[in-house]
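*Asks:* Shown below is the structure under consideration.
The values are calculated or read from the model by the stated rules, or taken from the named source; none is laboratory data. Keep in mind that what you see is a predicted model, and the values were worked out from it rather than measured. Quick reminder, even Gly has a Cβ in these numbers, built from the backbone with ideal geometry, and neighbours come from all protein chains shown.
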Amino acid sequence: MNDSLPGRYFLPGSARFVPARAEFRQGGLRISDPSDAVLAEAPLAQMQISARLGNMPRRFSLTDGACFETDDNDAADALLKQSGRARVGAIHRIEQSWRWVAASVLLAGAVAYVFVVFGIPAIALWLARETPQSVNPVIAAQELAVLDRALLAPTKLSAADQAKAQMLFAEVAARGQRAATGYRLLFRSAPGLGPNALALPDGTVVMTDALWPLVKADDEIQGVFAHEIAHVDRAHTLQSLYQAALVPAAIAIVTGDLSQISQVATVLPGVLLQAAYSRNLEQQADDDAAVTVKGLGGDPGHLADLLQRMEARICRGSSCPPSWLGTHPETSARAQRLRAGAPTSSTR
Amino acid sequence: MNDVLTAPFAPEIAPAPVAYRFQFRGTGREFFRIWIVNFALTLITVGIYSAWAKVRTRRYFYGNTALAGHTFDYHASPKRILMGRVIALLLLVGYTVASKLPLYVWIPTFLLFVGVVPWLIVSSARFNARNTSYRNVRFEFVGDYLHALGAYVGIFVPVVLTLGFAWPMAHRERQYFYINNHKYGGKRFATEFSGSSIYAVYFEALLFLVACGLGLSLLVVFLGLSDTTRSLLTKISANRSIAGVTFLFAWMIAYTFIRADVFLLSINNMVLNGRFKFIAVHSPWKIVWLWASNLLLVLLTAGLLYPWARVRMTRYMVENVTILADSDFESFTSEVFAPQSAVGEEIAGFFDFDIGL
């Protein structure tokens with residue numbers, strides 16, 4: 001017979017082998033030695049047959065720990081076809097075709113792009129919305145405690161300034177998605193932060209003392225409040241928390257074995273991605289703030305003025321990171337967008 | 001090292017030692033096609049195919065690694081790996097989220113993790129060993145949870161008490177735990193090396209970091225005279241992110257060097273069955289160079305050169321290892337049997353979780 005498969009037969013559980021050949025006989029494989037003595041015979045259905053891959057030897061594992069191994073992959077495929085198996089080595093054929101390989105390159109690029117740009121933020125947003133509201137005060141209390149310990153000190157603003165700011169804040173808060181009591185404004189002195197404001201997920205907005213002297217018009221600071229309240233209303237804290245968790249998870253799943261090259265290759269794209277996601281959230285908050293300020297009869301361009309004054313104070317020269325590393329978009333771009341009258345914010 | 005003590009005395013006329021060199025037959029061109037097709041399939045199936053992709057990748061690298069005319073093979077069931085990955089993913093997400101929560105949530109989660117990690121290490125080592133074969137005989141890993149807990153967690157007690165000075169010894173403990181618990185055909189692998197040799201590795205890495213710092217300072221002193229370079233350097237040092245990345249890179253080089261050199265130390269002192277000696281003739285700095293240049297190539301080509309990078313590194317790592325056999329290696333391997341317990345694959349752990357030794 002010409003259709004016998006040349007190879008090696010390893011004795012059960014042993015590294016010892018004898019030259020052998022295999023033939024397809026009545027639904028099974030007959031393995032015999034060069035002198036035609038039968039070494040083993042078993043139905044194909046009871047064997048574990050390794051999938052074809054490159055030009056690696058093909059393995060037929062028997063249940064007793066014996067194994068028949070052949071270097072002739074084409075003949076092994078032919079034998080399997082003869083036995084009535086469909087789709088023999090389908091993945092292998094795709095891997096061998098340069099046309100499929102080219103298609104894979106394009107497809108991988110497109111899918112990865114769509115998933116990174118739309119997929120992860122969408123999943124994170126969905127998770128953020130599904131998360132019970134009750135976690136927000138817990139996270140906020142924790143964050144504020146950490147900030148108070150590390151960066152913040154009691155405010156030195158006068159009672160009059162505080163009352164003025166609270167009044168302006170209340171006007172903005174009335175336009176938020178929650179009841180006006182759902183938001184509160186706190187003052188802190190923070191030499192390390194400079195002029196800044198930040199939002200906590202329970203509706204708390206913290207303003208640093210250094211911001212107040214920079215404000216030249218009421219609608220300027222109201223723009224900042226509106227920006228922070230937009231972060232609260234859109235659950236941005238939770239969303240970025242989930243994004244932070246999903247990015248390394250997605251990279252780990254997709255690359256699986258990239259660790260061989262280095263963790264850096266997986267960590268670096270993760271860091272850049274997180275910064276990019278954060279810039280998107282900031283832009284959303286800016287757009288929302290523009291709408292709120294306009295609704296109050298103010299000018300979103302004034303928020304732009306304040307942002308530029310804040311940047312001049314914080315960065316002083318060249319110490320601000322380049323925009324592709326930053327968590328906020330370039331201030332000039334933010335200002336331009338605010339002044340141009342940002343497109344009506346997509347409210348979902 | 002009981003094996004050595006109980007080994008029979010060498011015969012009067014020792015047979016000439018035979019060197020068996022490991023070979024790697026894979027090519028970047030061939031692996032590229034396998035990798036990109038499996039990568040695309042992974043993306044279309046939202047990551048599910050990644051388990052199958054992993055098995056094919058492993059099989060490609062094991063199957064192209066040859067010793068004395070025979071290749072290695074990898075037998076893991078992709079479904080098992082998928083299950084392990086789902087659990088590992090849940091753990092990862094849970095861990096990341098918990099780290100942002102209050103301390104009374106975070107600390108118990110952290111302690112739970114500390115308890116789970118040694119178990120993950122043991123079961124993944126067992127899983128990988130049982131699913132790796134050479135000449136129809138599978139490897140085994142016989143380390144247990146308690147010893148792993150000692151080698152990976154308990155070891156931190158002396159490390160903390162000595163303000164980190166005991167860390168190289170801890171590193172050696174881990175190498176011992178990993179290598180000395182591996183078996184092939186019921187015969188143990190064993191490695192042993194002096195504490196001073198591993199401290200020498202760490203010292204060399206420290207010298208490198210100090211030299212980097214000195215070099216940078218000298219650069220500032222000598223080039224700092226011209227106005228443009230001075231302003232450039234101030235810009236770089238003022239920019240925390242760039243300085244951070246530079247520091248991180250120097251740190252990664254030192255880390256890679258330590259890993260590579262400790263790996264070489266372990267292999268060069270390793271014996272199988274008390275008599276087959278392993279020799280590794282790599283240069284640790286060549287490994288660092290391959291790592292750094294590969295990283296650059298992969299990042300610059302958005303990952304497209306990854307298959308070539310990986311083949312390049314694997315070829316260098318594999319082809320510089322030799323087994324020195326003092327008796328006929330062929331007769332040893334053909335006498336090897338898989339112990340009964342290794343056949344029962346079902347006992348193997350659920351997890352496949354690379355710790356990347």
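*Asks:* Do we have any residue at all in segment A:23-46 that's among the hydrophobic types (A, V, I, L, M, F, W, C) and under 19 Å from B:Tyr60 (Cβ atoms)? Show your work before the answer.
*Replies:* Applying the first criterion (among the hydrophobic types (A, V, I, L, M, F, W, C)) to segment A:23-46 yields A:24, A:29, A:31, A:37-40, A:42, A:44-45.
Narrowing the set further to residues that are under 19 Å from B:Tyr60 (Cβ atoms) leaves none.
So far as segment A:23-46 goes, no, none of its residues is among the hydrophobic types (A, V, I, L, M, F, W, C) and under 19 Å from B:Tyr60 (Cβ atoms).
*Asks:* A follow-up question, please. Looking for whichever is aliphatic (A, V, I, L, M), surrounded by 15 or more Cβ atoms within 10 Å (Cβ to Cβ), outside the structural domain of A:Thr327 (by TED's automatic domain parsing) and within 24 Å of the chain's Cα centre (by Cα) here; the options are A:Ala199, A:Ala112. Which one fits?
*Replies:* On the way: A:Ala199 fails: outside the structural domain of A:Thr327 (by TED's automatic domain parsing).
Step by step, each of A:Ala199, A:Ala112 is checked, and only A:Ala112 is aliphatic (A, V, I, L, M), surrounded by 15 or more Cβ atoms within 10 Å (Cβ to Cβ), outside the structural domain of A:Thr327 (by TED's automatic domain parsing) and within 24 Å of the chain's Cα centre (by Cα).
*Asks:* Looking only at helices (runs of 4 or more DSSP H) that lie completely in segment A:40-140, which have at least 3 residues being more than 13 Å from chain B (Cβ to nearest Cβ) and closer than 30 Å to A:Ala22 by Cα? Don't jump to the end; show me each part of the working.
*Replies:* On the way: elements: A:73-82, A:90-96, A:98-114, A:120-130.
So the answer is A:73-82.
*Asks:* Here's a follow-up. Go through segment B:24-77 residue by residue and tally those that are under 19 Å from the mean Cα position of the chain (by Cα) and among the polar types (S, T, N, Q).
*Replies:* 3
*Asks:* Right, another one. Where in segment B:18-74 are there strands (runs of 3 or more DSSP E), lying fully within it, with 2 or more residues that are at the interface with chain A (Cβ under 8 Å from one of its Cβ atoms)? Show your work before the answer.
*Replies:* Working: elements: B:18-21, B:65-67, B:70-74.
The strands (runs of 3 or more DSSP E) meeting that bar are B:70-74.
*Asks:* Would you check if there is a residue in segment B:92-102 being more than 10 Å from every other protein chain (Cβ to nearest Cβ) and loosely packed, with under 15 Cβ neighbours inside 10 Å?
*Replies:* No, that holds for no residue.
*Asks:* Residues of segment A:151-209 being closer than 15 Å to A:Val224 by Cβ and of a type in the set (Val, Ile, Thr), which ones?
*Replies:* Passing the criteria: A:Val172, A:Thr204, A:Val205, A:Val206, A:Thr208.
*Asks:* Let me ask something else about it. Only one residue in B:Ala68, B:Ala53, B:Ala98 is in contact with a Ser or Thr (Cβ under 9 Å, 6 or more places away or on another chain) and under 30 Å from B:Ile323 (Cβ atoms), so which one is that?
*Replies:* On the way: B:Ala53 fails: under 30 Å from B:Ile323 (Cβ atoms); B:Ala98 fails: under 30 Å from B:Ile323 (Cβ atoms).
Result: B:Ala68 is the single residue among B:Ala68, B:Ala53, B:Ala98 that is in contact with a Ser or Thr (Cβ under 9 Å, 6 or more places away or on another chain) and under 30 Å from B:Ile323 (Cβ atoms).
Residues are listed down the side, and each one gets a yes or a no for (1) in contact (Cβ under 8 Å) with a residue 40 or more places away in the chain; (2) more than 22 Å from A:Ala90 (Cβ to Cβ); (3) crowded, with 20+ Cβ neighbours inside 10 Å:
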position	(1), (2), (3)
A:Pro6	yes, yes, no
A:Gly13	yes, yes, yes
A:Arg21	no, yes, yes
A:Gly28	no, yes, no
A:Ile31	no, yes, yes
A:Glu41	no, yes, no
A:Arg52	yes, no, yes
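Listed here are the residues, each with its yes/no results for (1) away from every other protein chain (no Cβ under 14 Å); (2) at pLDDT 90 or above.
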residue: B:Asn128; (1), (2): no, no
residue: B:Leu149; (1), (2): yes, yes
residue: B:Met169; (1), (2): yes, yes
residue: B:Phe189; (1), (2): yes, yes
residue: B:Ser196; (1), (2): yes, yes
residue: B:Ala205; (1), (2): yes, yes
residue: B:Leu218; (1), (2): yes, no
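*Asks:* Something else now. Can you find even one residue in segment B:53-73 that is in contact with a helix residue (DSSP H, G or I) (Cβ under 7 Å, 6 or more places away or on another chain) and modelled with pLDDT under 85?
*Replies:* no
*Asks:* Which of the residues belonging to segment B:298-325 are surrounded by fewer than 20 Cβ atoms within 10 Å (Cβ to Cβ), part of a helix (DSSP H, G or I) and at pLDDT below 90?
*Replies:* Once the filter is applied, which keeps residues that are surrounded by fewer than 20 Cβ atoms within 10 Å (Cβ to Cβ), part of a helix (DSSP H, G or I) and at pLDDT below 90, segment B:298-325 yields B:Leu299, B:Leu300.
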